[in-house]
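Take a look at the structure below.
The values are calculated or read from the model by the stated rules, or taken from the named source; none is laboratory data. Since the model is a prediction, treat every value here as computed from it, not as a measurement. Positions of Cβ are backbone-derived with ideal geometry, glycine not excepted, and every protein chain shown enters the neighbour counts.
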Amino acid sequence: MRCQLHLFIACIFLTTIPLYSQVSQGGQLPAPGHEVNPPMTDEDESRARMAREMEKRAAKERVAALKNDTDKLLKLSVELKSYVDKSNENVLSLDVIKKAEEIEKLAKSVKDKMKGPN
């Protein structure tokens with residue numbers, strides 16, 4: 001039981017490590033007879049700059065949320081260990097099960113955030 005719990009906690013921490021990098025988006029080939037790179041207007045450049053700034057801001061917010069969630073994961077894992085230490089082989093507290101479920105949900109949320117918006 002204790003070994004399985006340690007393995008479970010180790011798996012949770014491994015999910016908090018950024019494993020996913022953003023995948024670049026592939027473009028489509030232009031239709032024959034069309035210009036490959038039409039000239040950009042000032043308005044196009046402004047839109048592109050605003051889009052890049054919004055992407056950067058979203059990435060910063062995602063990283064901040066990931067840090068916050070991983071801090072919560074650490075706190076919950078320490079609490080879970082405390083609950084398990086207080087129990088014995090005959091009694092498994094309902095708090096242990098609830099805490100493990102809470103950790104599992106948060107770990108899934110962290111994993112989804114690491115994948116990014118795509």
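Restricting Ser87, Ser82 to residues that are free of Cβ contacts under 8 Å to residues at least 40 places away in the same chain and in contact with a Ser or Thr (Cβ under 9 Å, 6 or more places away or on another chain) narrows the list to Ser87. Scanning region 84-118 for residues that are touching a helix residue (DSSP H, G or I) at 6+ places or on another chain (Cβ under 7 Å), surrounded by fewer than 18 Cβ atoms within 10 Å (Cβ to Cβ) and farther than 29 Å from Glu55 by Cα gives Ser87, Ser93, Asp95, Glu102.
The single condition from (1) of a type outside the set (Asp, Glu); (2) at pLDDT below 60; (3) in a helix (DSSP H, G or I); (4) surrounded by 11 or more Cβ atoms within 10 Å (Cβ to Cβ) that Tyr20 fails is (3). Residue by residue through region 51-83, note down the ones that are in contact with a helix residue (DSSP H, G or I) (Cβ under 9 Å, 6 or more places away or on another chain) and of a type in the set (Lys, Arg). Residues satisfying the conditions are Arg62, Lys72, Lys81.
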